[in-house]
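Undergrad: Sharing a structure, written as structure tokens. Questions coming.
The values are calculated or read from the model by the stated rules, or taken from the named source; none is laboratory data. Because the structure is a prediction, the values reported are computed rather than measured. Every residue, glycine among them, receives a Cβ derived from its backbone with ideal geometry; neighbour counts consider all protein chains shown.
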Amino acid sequence: MQELNTLPKLPLGLYPTPFYKLEAISAKYGRNIWIKRDDLCGVALGGNKVRKLEYLLADARAQGCDTVFTTGGAQSNHAMLTAACAARLGMRCILLLKKRGVTDRLGNLILDDLYGAEVRFVDTDSYDDIYAEMDRLSAELAAEGRKACQIPVGGSTPLGSLGYVNCVWECLEQAQQQGASIGHLVSATGSGGTTAGLLLGARLYAPDWMVTGMGVDDDPFDKIVPSLAADAAALLNTPFSRTPDDFRMVYHIGQGYAIPNAEDTPFIEELARMEGILLDPVYTGKAWSGMLKLLQDGGFDRRGDIVFVHTGGAAALFAMDLA
């Protein structure tokens, strides 16, 4: 197996991120619940994309790229964090965002501007259309003697997923230091790369842990996640062995992607008021609410404590109302 620390990576975030027990929440729900605060990774408003971008932008720089393209919804956390990291590296950033959702200059769109990104809205429901536009613009830049890299939605590639293999190793070390007996890792799943990294990391370092992806979109993540994890394992020259209960997808979408759920708001308010932690209504709020409902319904076995991976997204609170 090739060691993760031998692969090119840029030190963009501040790691390890905090890991601690949610004492008040644990007492209320009768189960030890811990949180991994990747919203406190030290870049912009934090979030899971930075771990991916450490690998993806290292690869881009190694290829001599001076421009970064990426995509997402109008309020994409991934796009905003790509803009922040590109600015730090002195790279031009062009965001081709779907003209859907909140396109007013609110939330992440304010931050995109602050980081100097060029935002272009594309009136389409298909990412294929956006990637075709990236190809066209990349060719234009090449004719000018420039070179662009294209990062897909969410940074969810096998290389990007390796960032969350690192995260599992951090969680394991922190759990051991604090005497936590972990059995479950839970995260929001919006493009698949974070959950894939958690799955691969758990298989490599903590094979007794079960990974639960809380789907906030209706893509077939039960297939996407294991496929990404297997491809990421290939980058490490290691086999990807599975067990029947190492991973599951649970969907908690509501009316649709990026539409707040009224039923989630009490859970978002509860965490804010009991633990002082902010969740967004698109990703973490839905994942957190879905996780607690699953817990109340007996959906977590007693193999150990639960860890919720906080993947960021607070800017959405300033772009849309809670339902």
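Undergrad: Only one of (1) in a loop (DSSP other than H, G, I, E, B); (2) free of Cβ contacts under 8 Å to residues at least 60 places away in the same chain; (3) more than 15 Å from the chain's Cα centre (by Cα); (4) within 16 Å of ILE25 (Cα to Cα) fails for LYS293. Which number is that?
TA: The one condition LYS293 does not meet is (1).
Undergrad: One residue is enough: does region 20-36 have a residue meeting the conditions in the same structural domain as LEU228 (by TED's automatic domain parsing) and either closer than 16 Å to ARG88 by Cα or under 14 Å from the mean Cα position of the chain (by Cα) (or both)?
TA: Yes; the residues of region 20-36 include at least one that is in the same structural domain as LEU228 (by TED's automatic domain parsing) and either closer than 16 Å to ARG88 by Cα or under 14 Å from the mean Cα position of the chain (by Cα) (or both).
Undergrad: Residue check: is PRO260 modelled with pLDDT under 95 and crowded, with 20+ Cβ neighbours inside 10 Å?
TA: yes
Undergrad: Among the residues of region 163-187, write down those that are touching a Ser or Thr at 6+ places or on another chain (Cβ under 9 Å) and not in a helix (DSSP H, G or I).
TA: Across region 163-187, the qualifying residues are HIS184, LEU185, VAL186, SER187.
Undergrad: In the set TYR20, TYR55, which member is among the hydroxyl-bearing types (Ser, Thr, Tyr) and surrounded by fewer than 19 Cβ atoms within 10 Å (Cβ to Cβ)?
TA: When all the criteria are applied, what remains is TYR20.
Undergrad: Which is modelled with pLDDT of 95 or more and in a loop (DSSP other than H, G, I, E, B), of ARG146, ARG136?
TA: Exactly one of ARG146, ARG136 is modelled with pLDDT of 95 or more and in a loop (DSSP other than H, G, I, E, B), namely ARG146.
Undergrad: A follow-up question, please. Can you go through ALA117, ALA86 and tell me which one is closer than 15 Å to ALA58 by Cα and small (Gly, Ala, Ser)?
TA: After ruling out the rest, the residue left standing is ALA86.
Undergrad: Quick one: how many residues across region 188-220 are surrounded by 24 or more Cβ atoms within 10 Å (Cβ to Cβ) and part of a helix (DSSP H, G or I)?
TA: Qualifying residue count for the region: 10.
Undergrad: May I ask you to verify whether LEU322 is within 17 Å of the chain's Cα centre (by Cα) and surrounded by 14 or more Cβ atoms within 10 Å (Cβ to Cβ)?
TA: So LEU322 fails the test.
Undergrad: Would it be correct to say that ILE268 is part of a helix (DSSP H, G or I) and surrounded by 14 or more Cβ atoms within 10 Å (Cβ to Cβ)?
TA: For ILE268, the condition - part of a helix (DSSP H, G or I) and surrounded by 14 or more Cβ atoms within 10 Å (Cβ to Cβ) - is met.
Undergrad: So which of PRO244, PRO220 ends up being at pLDDT below 95 and not assigned by TED's automatic domain parsing to the domain that holds CYS93?
TA: Answer to the selection: PRO244.
Undergrad: Taking into account only those residues within region 6-17 that are surrounded by fewer than 16 Cβ atoms within 10 Å (Cβ to Cβ) and under 21 Å from the mean Cα position of the chain (by Cα), which is farthest from SER161 (Cα to Cα)?
TA: The residue in question is LEU14.
Undergrad: Continuing with the same structure: Based on this model, can you work out whether GLY73 counts as surrounded by fewer than 24 Cβ atoms within 10 Å (Cβ to Cβ), of a type in the set (Gly, Ala, Ser) and either at pLDDT 95 or above or in contact with a strand residue (DSSP E or B) (Cβ under 8 Å, 6 or more places away or on another chain) (or both)?
TA: Yes.
Undergrad: For the list (1) closer than 14 Å to ALA315 by Cβ; (2) in contact with an Asp or Glu (Cβ under 6 Å, 6 or more places away or on another chain), I need the number of the one condition that LYS99 fails.
TA: Among (1) closer than 14 Å to ALA315 by Cβ; (2) in contact with an Asp or Glu (Cβ under 6 Å, 6 or more places away or on another chain), the lone unmet condition for LYS99 is (1).
Undergrad: What number of residues in region 296-323 are free of Cβ contacts under 8 Å to residues at least 24 places away in the same chain and assigned to a helix (DSSP H, G or I)?
TA: Looking only at that region, the number is 0.
Undergrad: Yes or no: region 195-214 includes at least one residue that is without any contact (Cβ under 8 Å) to a residue 60 or more places away in the chain, over 30 Å from LYS9 (Cβ atoms) and out of contact with any Cys (no Cβ under 6 Å at 6 or more places or on another chain).
TA: no
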